[in-house]
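A.B. asks: For reference, the structure I am asking about is given below.
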Amino acid sequence: MLGRLKKLRDNGVMGLNERNLRMVAELNPRRLMRLVNDKTITKQLAIDANIPHPELIGLISGSYDMRRLPDMLDQPNGVAIKPANGSQGNGIIVITGPMKDGYRLANGRRIVFEDLRFHVMNILSGMYSLGGVPDTALIEERVRFAGVFDEISFKGVPDVRIIVLKGVPILAMLRLPTADSDGKANLHKGGVGVGVDLVTGITKRGMQYDQLIDFHPDTGNELSGLQTPYWDEMLMMAAQAYDVTKLGYLGADIVIDVDKGPLLLELNARPGIAIQIANRHGLRAHVEPVLKADTSDMSLQERIAFGKEIYQSVHDQSSDD
């Protein structure tokens with residue numbers, strides 16, 4: 001066991017304790033955490049900074065607002081219902097449109113209004129919030145995902161997670177829904193994580209349940225070699241997230257809408273470390289150069305170029321090894 005841990009450290013793999021101490025505790029002041037923990041605040045930051053995002057249809061903060069729920073749900077392209085202070089995808093329901101005597105969920109099943117109303121009431125009670133405190137329900141437009149990743153995705157909406165350190169994008173992965181994850185792209189629920197070349201945006205190999213894979217478990221199609229569209233725009237959006245939150249370590253989750261292009265879905269102040277497995281690269285080699293550098297005077301473009309330079313250097317070195 002000790003030998004395995006030493007090998008992981010030698011390969012630059014960062015554990016949760018190191019992430020929590022060196023990245024979260026040191027770089028993310030608690031007073032700023034609320035900016036990303038509360039999706040209503042994150043939404044307003046994106047609006048103010050002109051960062052593309054799914055349109056907010058409305059908020060439900062109490063029982064009085066429930067009377068507006070039918071009108072909010074009456075959207076031809078569907079909606080997403082989210083707890084403002086939820087995490088790990090819990091409490092999110094995606095409706096693709098109306099269905100006979102109800103609504104169609106993203107997984108194809110039907111749900112009636114009373115069940116949706118009960119779900120929203122559960123959100124308000126704090127069932128899905130951090131700490132179980134009373135919460136607010138967001139009703140957003142449903143992202144109609146562009147079909148670029150249809151062959152390696154099972155229903156649901158894939159997203160791109162980009163890790164940003166002191167405003168510098170350092171690692172990225174594509175998160176894909178599966179049958180196990182019930183159409184959600186969350187890795188802890190059984191979704192697939194696919195490494196993405198930070199320089200080119202081309203997908204690499206993947207992982208599921210912390211095991212390396214080359215093919216999507218449901219579609220059987222190869223994960224590597226696909227070009228992520230709007231790649232430079234995505235890196236720009238992720239780097240901008242630092243400018244509006246000042247969180248030194250964060251994850252930006254971005255989706256691609258068929259009409260609107262890349263949209264910022266949400267931000268995370270404690271992004272997980274499974275991205276290392278998906279990329280076959282330990283975080284430490286990407287982290288150390290950024291921690292040593294003064295990025296405060298770098299422009300957005302310079303920070304992105306710096307992240308690409310580090311990534312290419314780490315990639316070239318691992319290829320030589």
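A.B. asks: Kindly point out which whole DSSP H helices in the chain project their C-alpha atoms 20 angstrom or further along the helix axis while averaging a Kyte-Doolittle hydropathy of -1.0 or above.
C.D. replies: Once both thresholds are applied, what remains is 231-245, 300-320.
A.B. asks: Please go through region 202-253 and write out the trypsin sites (Lys or Arg not before Pro) that DSSP classes as loop and that have at most 16 other C-beta atoms within 10 Å.
C.D. replies: Working: sites: K204, R205, K246; in loops: K246.
For trypsin sites (Lys or Arg not before Pro) across region 202-253 that sit outside H, G, I, E and B with at most 16 neighbouring Cβ atoms in 10 Å, the list reads K246.
A.B. asks: For A106, what is the net charge nearby, where nearby means another residue's Cβ is under 10 Å from its Cβ and Lys, Arg count +1, Asp, Glu -1?
C.D. replies: On the way: positive: R104, R109, R142, K155, K184; negative: D182.
Counting the neighbours of A106, the net charge comes to +4.
A.B. asks: Provide R110, R104 in ascending order of the number of other Cβ atoms located within 10 Å of each residue's Cβ, fewest first. If you can, show how the numbers build up before the last one.
C.D. replies: Details: R110 12, R104 17.
Fewest to most other Cβ atoms nearby, the residues stand as R110, R104.
A.B. asks: Sorting L56, L16, L235 on the 10 Å Cβ count, fewest up front, what's the list?
C.D. replies: L16, L56, L235
A.B. asks: Still on this structure: Could you list S63, S129 so that the one with the fewest beta carbons within 10 Å of its beta carbon is first and the one with the most is last?
C.D. replies: Details: S63 10, S129 22.
Final ranking by Cβ density, sparse to dense: S63, S129.
A.B. asks: Could you tell me the ratio Rg/Rh of the chain? Both radii from Cα atoms, Rh via Kirkwood.
C.D. replies: Dividing the radius of gyration by the Kirkwood radius yields 0.97.
A.B. asks: Ok, one more. How far apart, in nanometres, would the label points at N50 and M99 be if each is projected 7 angstrom from Cα along the Cα-to-Cβ direction?
C.D. replies: Output for this residue pair reads 4.1 nm.
A.B. asks: Now a separate question. Just how large is the dipole of region 174-321 about the Cα centre, in debye to the nearest 20, putting +1 at every Lys and Arg Cβ and -1 at every Asp and Glu Cβ? Present the calculation step by step, with values, prior to reporting the outcome.
C.D. replies: On the way: 13 positive and 22 negative charges, 72 e Å.
In total the dipole reaches around 340 debye.
A.B. asks: Binning at 5 Å from 0, report for region 55-141 what percent of all alpha-carbon pair distances ends up in each bin.
C.D. replies: Each 5 Å bin holds this share of Cα pairs: 3, 16, 28, 26, 18, 7, 1, 0.
A.B. asks: Roughly how many debye, to the nearest 20, is the charge dipole of region 22-175 about its Cα centre, given +1 on each Lys and Arg Cβ, -1 on each Asp and Glu Cβ, and no other charges?
C.D. replies: Computed charge dipole of region 22-175: roughly 360 debye.
A.B. asks: Now for a separate question. Which order do the peptides 182-193, 24-35 come out in when sorted by mean C-beta neighbours inside 10 angstrom, highest first? Don't skip to the end; give the middle numbers.
C.D. replies: Values: 182-193: 21.2, 24-35: 14.3.
The most tightly packed comes first, giving 182-193, 24-35.
A.B. asks: I would also like to ask the following. Using 0.36 nm per residue, how much length does the chain from Q88 to E114 gain when fully extended, once their Cα-Cα distance is taken away? List each step's numbers first, then the result.
C.D. replies: On the way: separation 26, 0.36 × 26 = 9.36 nm, distance 2.51 nm.
Extending this stretch completely gives an extra 6.9 nm.
A.B. asks: Do the alpha carbons of any pairs in K155/K184; K39/K82; K43/K260; K100/K189; K184/K260 sit beyond 19 Å of each other, and which pairs?
C.D. replies: Table pairs above 19 Å Cα-Cα are K100/K189; K184/K260.
A.B. asks: Now a separate question. Net charge within 15 Å of M237 by Cβ-Cβ distance, Lys/Arg positive one each and Asp/Glu negative one each, not counting M237 itself? Show your work: numbers first, answer last.
C.D. replies: On the way: positive: K43, R161, K260, R303; negative: D48, D159, D232, E233, D243, D253, D257, E266.
Around M237, the charge tally is -4.
The numbers here are math on the coordinates, done by the rules we state, and not lab data. Note that the structure is predicted; figures quoted are calculated from it, not measured. So basically every Cβ, Gly included, is an ideal-geometry build from the backbone, and we count neighbours across all protein chains shown.
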